[in-house]
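Report on one structure; see the data block that follows.
Here, each number is a calculation from the coordinates, and none is a lab measurement. These figures come from a predicted structure and were not determined experimentally. No Cβ is skipped: glycine too gets one built from the backbone with ideal geometry, and neighbour counts run over all protein chains shown.
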Amino acid sequence: MTDTELVAAFAITQAKRCGLDEITPDELLLGCLRMISQFGIVTFGRWTFDLEALGVDWLENPDRKGVKPAYSQALVDVFDLAARIAKADGANGIRIDHLLVALWSESGLMGELRKTYGITSAEWRAAAVQLSVARQVKEVEAPVEKRESVRDYLSPEQAAEALGLHAQTVRAYIRSGKLPAMRVAGERAIRIRREDLEKVLEPLG
Amino acid sequence: MANFVVKRDLPGITPEALQSAGFRAKTCCAEMTEEGQPVRWIRSFFLPETAQTHCYFEAPNAAAVKEANERARIPFTHIIEVMELTPDAV
């Protein structure tokens, strides 16, 4: 599940917990806040929200039995708006920051937060920008280790891409013995060790 | 499990509204599966000329598909059980 799907799952669970027939923007907002919280504390922009004060038991194991709530029309409108914001952002899908921006003009819980904290639209959007940057940095950093571990052995095409050469050139290097390579046992496929790539490079001067 | 097509008339719908509907379908199916009633949205085809959408679902029965679409609040006109044919199977 993506983070956005987890937010929706939490919103549904929250509606169930409250015995609601419909999931409203309030539950979605709580879902977004919970997703970016730690120990029930949400730091978003210049604000700190306590999920407990907002009626969320962040430690509770959700009970999924009982009512089967549907998305309310108000929430459908929020999702539609979030999809438009995601498109304007050039994103592939709807993210939490898009949902938070789409929720800003809602009444209910969002209206109360706006009033209590004097939240302006620009401040809220700026906080969403900060959040998206922070989450994207995390995403970029996370897969580095994995990327390296799965690419210890390269195909001639991948080796060519890594070296910035044509695949034919790399195959010629392999034939001439300039670049060590191995054949996958019993197969035609050829693999080159990443660390061997440097053998075809020599320092200038 | 059986396969179903859900037919919808969605005149004037935007690609973003379709994305929103897809997200709602996906999350409601996931929730129903968690509840012990497995429903899976497989894929959809939008027919621009007629503004119709055909969405394919996998579920034990039509009632489960209907419930998923109602909970996702996506309007539909028909839910019909279909037979799946793929090039690999013929």
key: Once the Cα gyration tensor of the range A:54-205 is diagonalised, semi-axes √(5λ) in Å   = 53, 20, 15
ask   = Normalised by the number of residues in chain A, what is the relative contact order in percent for Cα pairs under 8 Å and 6+ residues apart?
value = 16 percent
ask   = Rounded to the nearest 0.05, what FRET efficiency is calculated for residue B:42 and residue A:5 with R0 set to 22 Å and r the Cβ-Cβ distance?
value = 0.85
request  = Hand me the chymotrypsin sites (Phe, Trp or Tyr not before Pro) from the range A:1-92 located in a DSSP loop with no more than 14 other Cβ atoms within 10 Å, in residue order please.
outcome  = A:39
note = Diffing the range A:27-43: the Karplus 3J(HN,Hα) column from phi (6.51, -1.76, 1.60, θ = phi - 60°), in whole Hz with x for Gly and Pro, holds 5, 5, 4, 4, x, 4, 5, 5, 4, 9, 9, 9, 6, x, 10, 10, 10
task = Give the relative contact order (percent, whole number) for the range A:1-101; include only Cα pairs under 8 Å separated by 6+ residues.
result = 31 percent
message = For Cα pairs less than 8 Å apart in space and 6+ apart in sequence, what is the mean separation divided by the residue count of chain B, i.e. the relative contact order in percent?
response = 44 percent
message = I want to make sure I understand the PRE zone here: with the label point 7 angstrom from the Cα of residue B:86 toward its beta carbon, which residues in the range B:30-67 have backbone N atoms less than 19 Å away?
response = B:39-45, B:55-60
note = Karplus-derived 3J(HN,Hα) from phi for the range A:94-104 (6.51 cos²θ - 1.76 cosθ + 1.60, θ = phi - 60°), whole Hz, x at Gly and Pro, runs 7, 10, 4, 5, 5, 5, 4, 5, 5, 7, 3
remark   = Placing each pseudo-label 7 Å from Cα in the direction of the beta carbon, residue A:77 and residue A:172 end up separated by a distance in nanometres of 6.6 nm
message = Can you show me the helix-derived [θ] at 222 nm for the protein assembly as shown, built from DSSP H runs with n ≥ 4 at -39,500 (n - 2.57) apiece and divided by the number of residues, rounded to the nearest 500.
response = -14500 deg cm²/dmol
task = Starting from one equal scatterer on each C-alpha and no solvent at all, send me the Debye-based log10 I(q)/I(0) for chain B at q = 0.19 Å⁻¹, two decimals.
result = -0.84
ask   = Residue by residue, what Karplus-based ³J(HN,Hα) values in Hz, rounded to whole numbers, does the range A:182-188 have, using 6.51, -1.76 and 1.60 with θ = phi - 60° and x for Gly and Pro?
value = 10, 9, 5, 3, x, 10, 8
note = Summing +1 per Lys or Arg and -1 per Asp or Glu among the other residues with Cβ less than 15 Å from residue A:108's Cβ gives -4
ask   = Do any of A:115/A:138; B:7/B:66; A:16/A:87; A:87/B:66; B:26/B:66 go past 23 Å between their Cα atoms, and which?
value = A:115/A:138; A:16/A:87; A:87/B:66
task = Work out the FRET efficiency for residue A:165 and residue A:139 from their Cβ-Cβ distance, taking R0 = 41 Å, and round it to the nearest 0.05.
result = 0.85
